[in-house]
Amino acid sequence: MPSDTGQSIRIAVVDDHPLLREGVQAVIDGQADMTLVGEAGTGIEAIALYRETRPDILLIDLQMPDLDGVSAIARIREEFPAARIIVLTTYSGDARALQALRAGASGYLLKSSLRRELLDAVRSVHSGGKHLNAEVASEIALHMEDQRLTPRERDVIELVAQGNSNKQIAARLSLSEDTIKGHMKAIFAKLGALDRTHAVMLAARRGIIEI
Amino acid sequence: MDDEQVAGTAGTPQTRVTVSEIHGVLFTVAGEENPDAEAELLITGLFAHHPPHHRFGGALGRLDAALSGALHGLGRDHLFAGRRGETLLLSAPPASIAARAVLLVGLGELGDWNAEAAAAVAASAMRETLLLGVASVRFAPWLQDGGLTPAATRGTAAAMLAGARRVLETRPRGAPPPALRLWIFAPGLEWRDVTIHELRGLPKA
């Protein structure tokens, strides 16, 4: 769809999977009002790419080697406060989405999105709006009353996910085992978990931890 | 300006009234409030600064419920502040909403609502609509469900139509023809007649 102004939206895409980048390029290539100006495969490369190409829109994944997407977004927005960034991810969890949006992303799309959604998101965000997948917005709403895990509680649940016992976690974090038990109790209550496995599953699904 | 019978999604006949046509875009008024009524894009508005435990009423409340509380949640998490003209597009809404996307447009502060604000909001909505290339829109700001008093909505419809029309009329020379064919005002059942009367008072395009 050609734009009213006749100017092309310059887009850069960052994802560690070349096939995904090629797929995005194929979608963009069919649009008269969009041009792909660069691509990268890691978070560090994303920052360099942004400096080099100054795209109108940066499409970026969250899970990437060397620097995750949320950190890359924060660093790009720190250097370029007007940067317009859309996350393209497999994660529909509220915690991950909130991190990305608070870091400065203007859009949050799932990789399962239809071609039309991607194009809508690019056009909306380019014109100064925001874009969210409705499922992600509902997840955010569903958990908005929940108490968030503290950074220490996130450390603990990450170590649980790696298979550590309370004793091992206490040793890793230089805390007492009783303190870890207290953290676990709080984690169970905040996530609504029944046991350790359930807590890890819920934390991963909401994007609080990566497994 | 004709009344025409059109089928609602629930199979109930609804009366849709054409109030204006400009550059091939038909402006109509529908009384039916149902958020799953057919249109490619559903546009609604949210005011800024609701009290923390405020709940939306009427059709806006039903839309919020269909979106699992997303409208309320986005405001509470400061992801959508409701500033005048601010937009947020929600893609892939649940199957209970027939539109392929829901566009939220910020209405600004409740106390600042006037004809100028109404025109600006409709203009934002029309700009985004043209950008997305949709053919049909249900424009449902549901002002009273959002907290506005009946008296404060007076004159709003005419200002909104004027704001939306202005965007169509001032498109750059050489711009491709808009994909938009149908713009449905959905003011809410109880305000349907008022809105039709207000819009019919305008000179025909």
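Within segment A:45-66, residues that are free of Cβ contacts under 8 Å to residues at least 24 places away in the same chain sit with their Cβ atoms under 8 Å from residues that are small (Gly, Ala, Ser), at 6+ positions apart or across chains, in these pairs: A:Ala48/A:Ala40; A:Glu52/A:Gly38.
Here is a yes/no grid of residues against (1) under 19 Å from A:Tyr91 (Cα atoms); (2) of a type in the set (Phe, Trp, Tyr):
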| position | (1), (2) |
| --- | --- |
| A:Gly23 | yes, no |
| A:Asp33 | no, no |
| A:Thr42 | yes, no |
| A:Tyr50 | no, yes |
| A:Ile60 | yes, no |
| A:Gln63 | yes, no |
| A:Leu67 | yes, no |
| A:Arg75 | no, no |
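Taking into account only those residues within segment A:131-158 that are within 7 Å of another protein chain (Cβ to nearest Cβ) and assigned to a helix (DSSP H, G or I), which is surrounded by the most Cβ atoms within 10 Å (Cβ to Cβ)? Per the stated criteria, the residue is A:Ala137.
Taking the criterion of being hydrophobic (A, V, I, L, M, F, W, C), farther than 20 Å from B:Ala118 by Cβ and more than 7 Å from every other protein chain (Cβ to nearest Cβ), the residues of segment B:75-101 that qualify are B:Ala95, B:Ile97, B:Ala98, B:Ala99.
Selection within segment A:121-130: residues that are facing another protein chain (nearest Cβ under 8 Å) and either assigned to a helix (DSSP H, G or I) or of a type in the set (Ser, Thr, Tyr) (or both). The member of this set that is farthest from B:Pro94 (Cα to Cα) is A:Ser127. Selection of strands (runs of 3 or more DSSP E) fully inside segment B:72-156 by the criterion of at least 2 residues being β-branched (Val, Ile, Thr) and either surrounded by 18 or more Cβ atoms within 10 Å (Cβ to Cβ) or modelled with pLDDT under 90 (or both) returns B:101-108. Among the residues of segment A:161-180, the ones that are over 29 Å from the mean Cα position of the chain (by Cα), surrounded by 13 or more Cβ atoms within 10 Å (Cβ to Cβ) and charged (D, E, K, R) come to 1 in all. State yes or no: is B:Leu110 farther than 30 Å from B:Pro172 by Cα, within 15 Å of the chain's Cα centre (by Cα) and in contact (Cβ under 8 Å) with a residue 24 or more places away in the chain? It is false that B:Leu110 is farther than 30 Å from B:Pro172 by Cα, within 15 Å of the chain's Cα centre (by Cα) and in contact (Cβ under 8 Å) with a residue 24 or more places away in the chain. The C-beta contact set for segment A:102-120 (first residue touching a residue at least 24 places away in the same chain (Cβ under 8 Å) and more than 9 Å from chain B (Cβ to nearest Cβ), second residue of a type in the set (Gly, Ala, Ser) and not in a loop (DSSP other than H, G, I, E, B), distance under 8 angstrom, 6+ apart or interchain) comprises A:Ala103/A:Ser71; A:Ala103/A:Ala74; A:Gly104/A:Ala74; A:Tyr108/A:Ala97; A:Tyr108/A:Ala100. Considering A:Asp61, A:Asp66, the condition of being surrounded by fewer than 19 Cβ atoms within 10 Å (Cβ to Cβ) and in contact with a helix residue (DSSP H, G or I) (Cβ under 6 Å, 6 or more places away or on another chain) is satisfied by A:Asp66 alone.
Each residue in segment A:176-204 was checked for being touching a Phe, Trp or Tyr at 6+ places or on another chain (Cβ under 9 Å) and outside any loop (DSSP other than H, G, I, E, B), and 3 pass.
The values are calculated or read from the model by the stated rules, or taken from the named source; none is laboratory data. Remember, predicted model here, so these are calculated numbers, not experimental data. No Cβ is skipped: glycine too gets one built from the backbone with ideal geometry, and neighbour counts run over all protein chains shown.
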